[in-house]
Structure formats: structure tokens, C-alpha cells
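J.: The structure follows.
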Amino acid sequence: MTPQADVQFSVSTWQQPTPPSASPERSALVERLAQRILTLAPTRLRVAVDGPTAAGKTGFGHELAEHLVRAGRPVLRACLDDFKRPWKDRHLYDRESGEGYYRNAYDYDAVTRLLLEPAAPDGTGRCVLCSIDPLTQKDHSKIVTTAPPDAVLVVDGVFAFRPEIDRHWDFRIWLDIDPELSVRRGAERDAEWAGADATALHRHRYLPSMALYESEVRPKQLADVVIDNTDFARPRVVRESR
């Protein structure tokens, strides 16, 4: 029997829980993807889970990580939201409009330098899983997690296939949902901290930023697999490269 490895998470306070037990259909799909990823190489691998806001990226990343460790591969989990530019610098650029959020919110140099390059097969293995905590704004860039030589890094987040970082991925997953469902799910998720502004935030910032991303980058065409995640219990593969 293959000994189960561990999942190492970041120190970020922006943590979303592992989803409850998946349906048999969902579990089978995630297991199949995990097995495909494992065949890519015995060395370190870097997997991206991208898609619209509230498509279920973080939960999917957690599920994928669990399947990978059951197969004996250690996993590092990270989220691109932990690599945004600090709020204290927001007066230097537009981050609140849709285009401003797309252009300026994320620090791709930090993602590359602290996480993706160290996690490469020939990298140092000294990975930073969180740069700036999204909630506390504390700088965690000195906290290093060591990636074993056979580790799989699973990163979720919007705009993961942007050209600044796309070349670093060994496998790309796109979770697809309808834009209106993205707004509705996102507003429900963020109502606790955004209150009455949650719907407007998603409709006027996140939705336009995603439209711009899809127009400029065409991320679905870059994905190794595109999954319709409208129904969590019954995700459906729309397209898969071979």
C-alpha cells in the first residue's frame, strides 16, 4: 500500500474549508485528473486551477490535493489571492475598477520569484506559500515551506494563465460557470464582509475583470482540461487535451 503523504497549506488567514464529501461522479472526475497529473513526471509539478470568481477553484484544489496525497505524492497548496499587492499601496494605482483589478491587483513577480520558480523541478524547493495576507495584510514572505523533490504544487486563483506566469504550469485546469452564476455565488460567499455591496462588487469589478481576461488571454484555450462546474455534484468535462 502506498503511504499517504501530507498537504502543506499556507499561513494565510484567508482559508476556505475542504468541501464536504463529494458525490461519486465528482470524486471519480477528480481522481481521474489526479492520476493523469501523476503520470506527467516523478519530479516536482505545478498545477493551476483557474476560472471565474466563485467557480469553486479553491474547493477543487483542496479535493485534488487530497487525491494526490492518497497516491503518495506530497502536495503544497497555495492561492493567488495570497500574492496580491498590499492595500497600503493602492493609492499608487487603480485596483478597484474592473480593469484596474485585472491589471494591478496581483504581484506576478512575487508569485514567480517566491513560489513558482522554487517549485520547479530544478528549483530550490524553498517555497513561500503566502506573500501578503489578504485579510491581515501581514507580510509572510519570509516563511518558507520546503517542497520535496516529488511534490505537486496546486495553486488556485483567477488570472492564473496570464502570460506573466503561464509558462510555469505543468497542468492547467479551467473551471467554467456562467457569469451570472459567478456574481450570485460570489455575492453570497462575500456577503459577510462586503454586506450590501457584495453584488455590486462582483458585478462591477470582478465580472468586468474576468471578461477582459478572457478577451485578452483566452484562458480556456490554454487549459489542459475545461470543466463545467455549474453543478458541484455533477461536474462535466467540456474539453480535454491529450
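J.: Under 7 Å by Cβ, and 6 or more places apart or on different chains, what pairs join a residue from the range 202-220 that is among the β-branched types (Val, Ile, Thr) with one that is outside any helix (DSSP H, G or I)?
T.: Once the first residue is among the β-branched types (Val, Ile, Thr) and sits in the range 202-220, its partners that are outside any helix (DSSP H, G or I) give Val217/Phe161; Val217/Arg162.
J.: Are any residues in the range 214-242 part of a helix (DSSP H, G or I), open to solvent by less than 40 Å² (accessible area, probe 1.4 Å) and in contact with an Asp or Glu (Cβ under 7 Å, 6 or more places away or on another chain), and if so, which ones?
T.: Of the range 214-242, the ones part of a helix (DSSP H, G or I) are 214-217, 219-222.
Add one more test, that the residue is open to solvent by less than 40 Å² (accessible area, probe 1.4 Å), and what stays is 217, 219.
Passing the criteria: only Pro219.
J.: Considering only residues that are in contact with a His (Cβ under 8 Å, 6 or more places away or on another chain) and not in a loop (DSSP other than H, G, I, E, B), look in the range 83-124 and name the one that is surrounded by the most Cβ atoms within 10 Å (Cβ to Cβ).
T.: Within the range 83-124, the match that is surrounded by the most Cβ atoms within 10 Å (Cβ to Cβ) is Leu116.
J.: Then there's this: Would you point out the residue of the range 39-57, among those that are surrounded by 14 or more Cβ atoms within 10 Å (Cβ to Cβ) and out of contact with any helix residue (DSSP H, G or I) (no Cβ under 7 Å at 6 or more places or on another chain), that is farthest from Val238 (Cα to Cα)?
T.: We begin by selecting, within the range 39-57, every residue surrounded by 14 or more Cβ atoms within 10 Å (Cβ to Cβ); these are 44-57.
Checking which are out of contact with any helix residue (DSSP H, G or I) (no Cβ under 7 Å at 6 or more places or on another chain) leaves us with 44, 48, 56-57.
Numbers: Arg44: 27, Ala48: 17, Gly56: 16, Lys57: 16 Å.
Ranking the qualifying residues of the range 39-57, first place goes to Arg44.
J.: Further question: Might you check whether a residue that is in contact with a strand residue (DSSP E or B) (Cβ under 9 Å, 6 or more places away or on another chain), in a loop (DSSP other than H, G, I, E, B) and not polar (S, T, N, Q) occurs anywhere in the range 178-191? Before the answer, list the steps.
T.: Of all residues in the range 178-191, those in contact with a strand residue (DSSP E or B) (Cβ under 9 Å, 6 or more places away or on another chain) come to none.
There is no residue in the range 178-191 that is in contact with a strand residue (DSSP E or B) (Cβ under 9 Å, 6 or more places away or on another chain), in a loop (DSSP other than H, G, I, E, B) and not polar (S, T, N, Q).
J.: Out of everything in the range 161-177 that is touching a helix residue (DSSP H, G or I) at 6+ places or on another chain (Cβ under 8 Å) and outside any loop (DSSP other than H, G, I, E, B), what residue ends up being surrounded by the fewest Cβ atoms within 10 Å (Cβ to Cβ)?
T.: If we take residues in the range 161-177 being touching a helix residue (DSSP H, G or I) at 6+ places or on another chain (Cβ under 8 Å) and outside any loop (DSSP other than H, G, I, E, B), then Asp166 is surrounded by the fewest Cβ atoms within 10 Å (Cβ to Cβ).
J.: What about Val158, is it more than 27 Å from Pro42 (Cβ to Cβ), modelled with pLDDT of 95 or more and crowded, with 21+ Cβ neighbours inside 10 Å?
T.: Numbers: more than 27 Å from Pro42 (Cβ to Cβ): yes; modelled with pLDDT of 95 or more: yes; crowded, with 21+ Cβ neighbours inside 10 Å: yes.
In short, yes.
J.: When Ala211 is evaluated against the numbered criteria (1) aliphatic (A, V, I, L, M); (2) over 20 Å from Leu80 (Cα atoms); (3) not in a strand (DSSP E or B), which criterion, by number, is the only one it fails?
T.: (2)
Residues checked against (1) touching a Phe, Trp or Tyr at 6+ places or on another chain (Cβ under 7 Å); (2) of a type in the set (Phe, Trp, Tyr); (3) open to solvent by less than 10 Å² (accessible area, probe 1.4 Å); (4) outside any strand (DSSP E or B):
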{"site": "Arg32", "(1), (2), (3), (4)": "no, no, no, yes"}
{"site": "Gly59", "(1), (2), (3), (4)": "no, no, no, yes"}
{"site": "Glu63", "(1), (2), (3), (4)": "no, no, no, yes"}
{"site": "Leu68", "(1), (2), (3), (4)": "no, no, yes, yes"}
{"site": "Asp81", "(1), (2), (3), (4)": "yes, no, no, yes"}
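J.: Moving on. Applying the selection to the range 142-155, what residues are open to solvent by 10 Å² or more (accessible area, probe 1.4 Å) and closer than 15 Å to Val111 by Cα? I'd like the intermediate steps shown before the answer.
T.: Let us first name the residues in the range 142-155 that are open to solvent by 10 Å² or more (accessible area, probe 1.4 Å), namely 142-146, 148-150.
If the condition is that a residue be open to solvent by 10 Å² or more (accessible area, probe 1.4 Å) and closer than 15 Å to Val111 by Cα, then Lys142, Ile143, Val144, Thr145 are the ones that fit.
The values are calculated or read from the model by the stated rules, or taken from the named source; none is laboratory data. None of these values were measured; they are calculated from a predicted model. Positions of Cβ are backbone-derived with ideal geometry, glycine not excepted, and every protein chain shown enters the neighbour counts. Ligands, DNA and RNA are stripped out before the accessible areas are found, and what is left, the full protein with its side chains, is counted by its heavy atoms. Shrake-Rupley method; radii C 1.70, N 1.55, O 1.52, S 1.80 Å.
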